[in-house]
1. Using the Cα gyration tensor of segment A:1-106, with a ≥ b ≥ c the square roots of its eigenvalues, what is the shape: rounded (a/c below 1.5), prolate (a/b larger than b/c) or oblate (neither)?
2. Find, among the trypsin sites (Lys or Arg not before Pro) in segment A:22-78, those assigned to loop by DSSP (not H, G, I, E, B) with at most 13 other beta-carbon atoms within 10 angstrom.
3. How do A:His224, A:His101 line up, fewest other C-beta atoms within 10 Å first?
4. Between A:Ser115 and A:Tyr137, with labels modelled 7 Å along Cα→Cβ, what's the label distance in nm to one decimal, could you check?
5. What is the order of A:Ser207, A:Ser107, A:Ser87, fewest Cβ neighbours within 10 Å to most?
6. Find the relative contact order for chain A and round it to a whole percent, using C-alpha pairs within less than 8 Å whose residues are 6+ positions apart.
7. Pull out a ≥ b ≥ c, the square roots of the eigenvalues of the alpha-carbon gyration tensor of chain A, then state rounded if a/c is under 1.5, prolate if not and a/b is larger than b/c, and oblate in the remaining case.
8. When chain A is modelled as a GNM with alpha-carbon springs shorter than 10 Å, which of A:Ile186, A:Ile13, A:Ile74 fluctuates the most?
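Just so it is clear, none of the values below were taken in a lab; they were calculated from the coordinates. These figures come from a predicted structure and were not determined experimentally. Cβ coordinates were reconstructed from backbone atoms using ideal geometry, including for glycine residues, and neighbour counts include every protein chain displayed.
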Amino acid sequence: MRIATWNINSVRIRFELIRAFVEKYKPDVLCLQETKTQDESFPHLEMQSLGFNYREIRGEKSYNGVAILSKIPIRLSDKLTFFNDQSRHISVHLENGIELHNFYFPSGGDIADPSINQKFHHKLQYIDNVADWFKRYRSDNKKIILVGDLNIAPGKNDVWSHRQLLDTISHTYMEVYHFNRLMKSINFIDVSREFVSYEEKLYSWWSYKNIGWRENDKGRRLDHILATQSLKESLNKHFICKEFRDTNGPSDHVPVLIELTKD
DNA sequence: ATGGTTGGGGTCCAA
């Protein structure tokens with residue numbers, strides 16, 4: 001089974017890109033963030049045409065928005081709200097017993113000081129609340145996968161320059177502290193790092209503002225797949241689909257995909 | 001050098 005996550009930055013404008021991705025990588029389940037579409041405007045028929053017969057969505061006007069599209073049956077679990085009422089989370093049960101959470105964490109604004117930047121304060125609080133929720137309501141012996149744009153690049157090789165980005169939101173020690181709390185909440189595995197050594201640079205996002213992003217390669221790893229320990233033996237393949245940053249009209253994020261063996 | 005680009009909705013905000 002293949003599960004993918006992608007911050008699509010408008011699901012409507014990038015449907016043809018989604019089609020190309022689905023045809024190439026054949027995900028069974030596709031989790032999207034930043035759909036930027038109210039539920040009544042979600043492109044259901046188009047998604048159905050790609051074989052996604054099962055869809056759970058949570059949108060809002062203009063901003064945020066998450067969706068889980070699936071070729072295999074899914075059952076809605078939760079649409080949780082951590083701290084504010086924005087559409088940043090949706091979760092489902094898969095028929096093989098896995099619970100799948102799709103998140104779009106707050107970006108956090110520009111100034112890396114929670115005492116003067118309310119958005120950053122909210123971001124830290126949001127991560128903390130998510131960690132608390134998993135610690136309180138979920139157990140590390142369950143099969144749980146958490147994916148999404150977490151807007152945090154936790155490791156020194158998850159950014160193009162650890163030293164130069166220490167005061168840049170997404171890579172501050174404060175965010176890494178809260179990210180690690182989330183990781184420990186139910187003993188999550190950082191799946192991408194199971195496949196790619198911590199010593200290697202690994203990115204999933206390159207800013208639109210960085211012209212020549214490929215030559216400069218000033219990327220960050222903001223998109224994550226976390227899994228509980230009971231899924232460790234099922235992890236079979238992993239792709240960060242960098243070629244989708246090179247298309248016409250790309251998202252600034254690329255898809256991250258894992259394949260699980262049947263158990 | 002402190003910019004740069006993009007999408008949605010509406011003449012600016014968020015990323």
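1. Oblate.
2. Numbers: sites: A:Lys24, A:Lys36, A:Arg55, A:Arg58, A:Lys61, A:Lys71, A:Arg75; in loops: A:Lys36, A:Lys61, A:Lys71.
Here the sparse-neighbourhood loop sites are A:Lys61.
3. Fewest-to-most Cβ neighbours within 10 Å comes out as A:His101, A:His224.
4. 3.4
5. The most exposed by this proxy come first: A:Ser207, A:Ser107, A:Ser87.
6. On the way: 600 pairs, mean separation 48.9, N = 263.
It rounds to 19 percent for chain A.
7. Since a/c stays below 1.5, the shape of chain A is classed as rounded.
8. Its mean-square fluctuation being the largest, the pick is A:Ile13.
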